[in-house]
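Notes follow the structure.
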Amino acid sequence: MSNQLTTVVDKLEIISETGEVTDISGGFDEFAYYESLFSPHITAYLGIIDTGSIKSKTDTQERPADILSALPIRGKENLNLVLCHKTGRLSFGANQAGDYPLRIASAVNSTYKGKSITYLQLTSQIAVKNKKKVLAGGYKGLISNSVVKIFDSLLNESPSRVRVIDPTKNTLDFKGSQIERPLDKLIDLATQSISVNSNGIPGYFVFETQDGVSFRSAQEMCNAGTELVYSHGEGQVAREEGDFRIIQFVEKQNFNLLKSMESGAVAARFISLCLRDFEVRDEIVKLGEDTFPNMGAESLSGIDIDDQDLDLRTFSFITNDGNSAVGLSSERNNDPQKWAVLSSMKYNSMFNQAIDIAVPMNLQLRAGQTINCHWPRISEEKVEEGVLDQSKSGKYLILHLSHHFTNVPQVGSMTYMTVIRDTHGLHTGVE
């Protein structure tokens, strides 16, 4: 079996604010990288064994010192990084068109098992630029077109960063303000967006992966097919010399009916007031058989809900008819009745099942991908190897993802994920 634990540090260097380069690859201890559907930017941390041998740039005699004092590190430095593994390369800021290094956000030094280790907290360039910019100008038309414009303003110096933006069918006219950050607005737009390609189902996510940025429809991600199969148990089919095995797993969430009711995942109330004619809308929306496809074989629409006994989650809006047009108009600007309740249902139902899993390092995985997870059936206190658990096994969406690299072969480099889906069942609702 090939060594799935081996990671090669091809490049690891700190770039000062003035452009000076310091190679720190010799002290590599560990590196953890994170991406998530809940985060519009990636984060990471790096551990460096600090021998105090860096030539000081703050000492008049240039005597060697630790990294923090010698360089010094003040949170304005960039980090170029290339880590190589048999499954791919994790590369930031090294010989890329549209240079995109990681930014050092903070640094601390500590002692562990007799070693002095400097830990660098890292973030991406888009997070740094977001703090420096406000949302300026006016935006009209399709929401997805406005998303393109906002992303371009943040990534104008990094044209090579991939932008994956699912088109929207609804429009929204709005103006920027001096107190609103671009990424905050994108998160706000995500909840209001209705997909073109998923039968008009609302609800999007804004997130960054190692490739670039994404504004993705939740339903389109759930519908996506996958050929990746991860299996748990000794008797599962060995693929790629065991690289696709689930080493550890912890079930974080299984279906909770009361929680789903409280969150509005199965039913909710919508109330709106139109200031143009003072019309009041008041209706109850229930999750139906055809509301949206499930990832598992089971259906959520069969849940019996008594409206008289249920304290429904309520969404209330004052509609802004005519405020986006020049002159007199009664046009409604992105009617919340079309997205508010359904997007909430979609978001909340996606987390009915959540499982933390650990697998051998795989740099081909991304947040927002779907994978198939197989668990063996347990019957009469015995694991039936080769027979799948028909309830737990099936397709899942990657919510959180972390690659953890280490220089200790016995510990190894691993990928950790939180995977989610709405219902149980090996075969998807679409199938």
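The values are calculated or read from the model by the stated rules, or taken from the named source; none is laboratory data. Computed from a predicted structure; not experimentally measured. With ideal geometry, Cβ positions are generated from the backbone for all residues, glycine too; neighbour counts draw on all protein chains shown. For accessibility, only protein heavy atoms count, side chains too; no ligands or nucleic acids. Shrake-Rupley method; radii C 1.70, N 1.55, O 1.52, S 1.80 Å.
Hey, could you check region 41-57 for residues that are in a strand (DSSP E or B) and open to solvent by 10 Å² or more (accessible area, probe 1.4 Å) and say which is nearest to F351 (Cα to Cα)? So that I can check it myself, show each step before the final result.
Within region 41-57, the first condition is being in a strand (DSSP E or B), and the residues that meet it are 43-49, 54-55.
Narrowing further to those that are open to solvent by 10 Å² or more (accessible area, probe 1.4 Å): 43, 45, 49, 54-55.
Working: T43: 23, Y45: 27, I49: 39, I54: 48, K55: 51 Å.
By that ranking, first place goes to T43.
Of all residues in region 230-269, which are closer than 11 Å to N352 by Cα, at pLDDT 80 or above and open to solvent by less than 70 Å² (accessible area, probe 1.4 Å)? Q253 - this is the single residue of region 230-269 that is closer than 11 Å to N352 by Cα, at pLDDT 80 or above and open to solvent by less than 70 Å² (accessible area, probe 1.4 Å).
Taking region 172-191 as the range and being out of contact with any Pro (no Cβ under 7 Å at 6 or more places or on another chain), under 25 Å from S36 (Cβ atoms) and not basic (K, R) as the test, the residues that pass are E180, P182, D184, D188, L189, A190, T191.
On the stretch given as region 58-71, residues that are of a type in the set (S, T, N, Q) and either crowded, with 20+ Cβ neighbours inside 10 Å or within 15 Å of F92 (Cβ to Cβ) (or both) total 0. The residue that is modelled with the highest pLDDT, counting only those in region 380-408 that are within 18 Å of S231 (Cβ to Cβ) and hydroxyl-bearing (S, T, Y), is Y396. The conditions of being under 23 Å from Y112 (Cα atoms) and of a type in the set (D, E, K, R) are not met by E62.
Of all residue pairs spaced 6 or more apart or on separate chains, those with beta-carbon atoms under 9 Å, a first member in region 75-94 that is open to solvent by 10 Å² or more (accessible area, probe 1.4 Å) and a second member that is assigned to a loop (DSSP other than H, G, I, E, B) and acidic (D, E) are K76/E17; E77/E17; N78/E17; N78/D99; N80/D99; K86/D243; T87/D243.
If you check K115 against the conditions, is it open to solvent by 40 Å² or more (accessible area, probe 1.4 Å), within 11 Å of G47 (Cβ to Cβ) and either at pLDDT 90 or above or out of contact with any His (no Cβ under 8 Å at 6 or more places or on another chain) (or both)? Give the steps one after another, and end with the answer.
Working: open to solvent by 40 Å² or more (accessible area, probe 1.4 Å): yes; within 11 Å of G47 (Cβ to Cβ): yes; either at pLDDT 90 or above or out of contact with any His (no Cβ under 8 Å at 6 or more places or on another chain) (or both): yes.
Yes.
Summed over region 3-40, residues that are open to solvent by less than 50 Å² (accessible area, probe 1.4 Å) and not β-branched (V, I, T) total 18.
All told, E17 falls short of being farther than 18 Å from S106 by Cα and touching a residue at least 12 places away in the same chain (Cβ under 8 Å).
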